[in-house]
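Here's the structure, in C-alpha cells; my notes come after.
The values are calculated or read from the model by the stated rules, or taken from the named source; none is laboratory data. Quick caveat, the model's predicted, so the values are computed rather than measured. Note: ideal-geometry Cβ built from the backbone for every residue, glycine included; neighbour counts use all protein chains shown. Protein only, heavy atoms only, side chains kept; ligands, DNA and RNA dropped before computing areas. Shrake-Rupley method; radii C 1.70, N 1.55, O 1.52, S 1.80 Å.
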Amino acid sequence: MASDEASPAAAERIRVVGAWAGSLEVELGGWTVPMLRAEVARRAGGVEPDRINLIFGGRVLKDDPPASLQQAGLKGNAKVLSTLLAPDRGKAIAAQAAAAAAEEEHNNRLVRLWNAAEALCQRHTDGSFHEEDFNLDLEDQSGQKVMFGSVDDLKAVKMALMLHQKAKTFIKRDMHKEALDVLAMAEEAFSLCDPKLIERVDNVPMLQLDIVWCYFVLRDVSRLEVAGTRLERARSGFERSHGKDSARFRLLQAGRHADLAIYVRLELLEGVVAYHNGNTVKARESLTSAQAKYMQLQVPDEAISILMSMGYGAQAAKRALKMTGYDIQSSVDLLCEEREKKIRRVQEDMEMQKEIMEQKKYGKTPMNKAVNMQKLKGLVAIGFEKKLAAEALRINENDADKALDLLTDPEQNCILQHKIMSKAKRLSRGSGSGSSSSRAAAATTASGVNNSQAPVDTSANVPDGSAMEESHVLPVINEEAANNVEAVNDDETVNHEEEDMSEESAEGEEEANPPPVRDVAMENELAHEMTGDALDDYDIDVSNEGQAISEYLSLLDSAA
C-alpha cells in the first residue's frame, strides 16, 4: 500500500494526474497495474476500480496479463494519466471485452469443428489408419450402406452430414445463432460434392429449411429475401427427391406420412415470408395448408395408451403414430421394423469392431494407412497365410501386385516370415517394437468413444446403391508357416544385424510420416452426436410451428 510517510529504499515515486492528482510511492517491481488502479480509485473517492482508466506513454495500461509496473514500462517520476469513466461506460467496456472474448472463442471452436470433421472423414474415406474403434458409413433409409461418386465426393458428403447433425443439436438446445454458423459450414461442404449426386437425396433441402428456421426463430427479418430463395430451393429439392406430392416418398415408406412435419415447417415459413413481402393471398394459402397438416400430427392420447399397453415407450409410440396417421397396426409394424434394425445394427457393429481391432494388429503402412482388408481377403483366398499377407500389404502400401510378388518370392517370403516371428517373440517378452507401441497408444486414445459404429444417414431417397462389402476376419495362425519360421530361426546364416537395420528403417519411415495432431475431444463430440436414426430428421416437434401458424393467421385476420 502506498504511503505519504517515508518509504523503503526500493520504493519509487510516480505522479498521477487527472481523476485524482498526487504522488504515490510504489515498488515498481512489486506493484501490478490492478493494484495501482485500485489505489487511484480509493483516493479518487472510493469509486469502482473498473471505472478508472490509466494511460502511460500514449497507451492504456491493461490488467491482463498481470504484470508489474516495471514490466509495463513505468520508471521513477513517471507521469500517469487517470480518467474516470461514466458508470455505464465502464460496464460497456467490460461487456465489449467479454463479447469479444466470447466471439473469439466461438470462432476458434468453429475452426476446431471443421478441422475435426475433415480429419474424421479423411481417415474414414481414404483408407487412413483408424485411430477409433468405430467406422463412418453412409446408409439409406433401409439401413443399407451406399457408396457413390469419387472419394472426394464421399468425403464431402460425410463431412456435410456430420456438420449438419451438429447444427441440429444446437437447434434442439435453442442455440440458433451457433447453429447458423455450423449450417453455413455444412452448406460449404455440400458445395464440394458433385451436384448431380446430391440432387437425389433430401439432405440439402433439409439444410436449406433448417437455415431459414433459424432466421425465423431469431426474428431476422432483414434476411427475408434470401429466405425466400432458400425456401424455393428447398421446395424444388424435396420435389426432386420425394416426388410430386411426396408420391415417391410414400412408396418408399410403405404409405407412411413420415415427412408431414417437414412440410408443416416449410409451408409455415413460406407463409411468413409471403406475409412480410406483402403477399397476403399467398401467405394465407401457405399458412392454412400448414395448419391442416399440423392438425394431422396431433396424436390422440387414446392411441398412445394402446401402444404403451403393448410395452412401447410413450415417445416411440407417439412418433410411430404421427408417421402413420394414427393407424395402430401400421404403427406397430413401424416399431417392429425399427427394433429389427437396431438388433441388426448391433450385430453389424460387433462384426465391424472385430474387423477394426484386427486391422489395428497389423499396424500402419509407411504412409500411415491401414491394411486394406479387402485386398487381404483376396490374398488369403489364394492360399497365403493371413499375417504374412497383411505384412506384405503393409510394407508395400497396400499394393496388391507388389505384395503378391513378395509372397511368391521364396527368399523374400522366408525373410518376411522370420521378421514376423521375431516381432512376436519380442512382444511376448514384453519389449515391444515402435510400431506396436504406436498401435497401443492409438487404441488407448480411442477408448473414449463408446459407440462401436457411427453411421451417417443420407436420405430416404438414395436409390439402392451397392452396399459396401464388409470384411469380417479373425486372426488365424498357419502352423506350417510357423514351422518354416522356426527353421529359419535355427539357420545360422541369418544376418540379424541386417534384420534389425531393416526394422529400424521401417520405423524410421513411420516416424518420417507422422500422423497429424488429433483434436480427440472434438472428434469424439462429433461422433457421439451421430445417432444413425434414419427417421430422426423427420421426427420434429411442431408445437412451436403450431403457435406461429396461429399468430400469423391472426395477423392476417386483423389486417383484413
Problem - Solvent-accessible surface ranking, highest first, for Met175, Met421 at 1.4 angstrom - result: Met175, Met421
Handout entry: Prolate/oblate/rounded call for region 357-423, Cα gyration tensor, a/c under 1.5 rounded
Key = rounded
Problem - Accessible area expressed per residue, region 12-86, with surrounding protein chains retained (probe 1.4 Å, Å²) - result: 52
Exercise for the section: State in Å² the accessible area per residue of region 254-370; use a 1.4 Å probe, count heavy atoms of protein chains only, and round to the nearest integer. Expected result: 48
Completion exercise
Sorted list, accessible surface of protein heavy atoms, 1.4 Å probe, largest first, for Ser550, Ser309, Ser330, Ser241 is Ser309, Ser550, Ser330, Ser241
Completion exercise
Inter-part gap, Cα centre of region 203-243 to Cα centre of region 245-284, in whole angstrom, is 11
Practice task
Any chance you could look up the accessible area of Lys360 with a 1.4 Å probe, heavy atoms only, rounded to 10 Å²?
Solution key: 20
Handout entry: Check: region 12-86 dipole with +1 on Lys, Arg Cβ and -1 on Asp, Glu Cβ, in debye
Key = 280
Practice task
Take Met352, Met310 and sort them by solvent-accessible surface of the protein heavy atoms, 1.4 Å probe, largest at the top.
Solution key: Met310, Met352
Completion exercise
Taking 285-293, 262-270, 405-413, 26-34 and ranking on average Cβ neighbours within 10 Å, highest first, one gets 262-270, 285-293, 26-34, 405-413
Completion exercise
Per the rule of 0.36 nm per residue minus the C-alpha distance, extending Ala560 to Ser23 adds in nm 186.0 nm
Fill in the blank from the handout: Inter-part gap, Cα centre of region 406-426 to Cα centre of region 337-389, in whole angstrom, is 22
Practice task
Please calculate the 1.4 Å probe accessible area of His276, with all protein chains present, and give it to the nearest 10 Å².
Solution key: 80
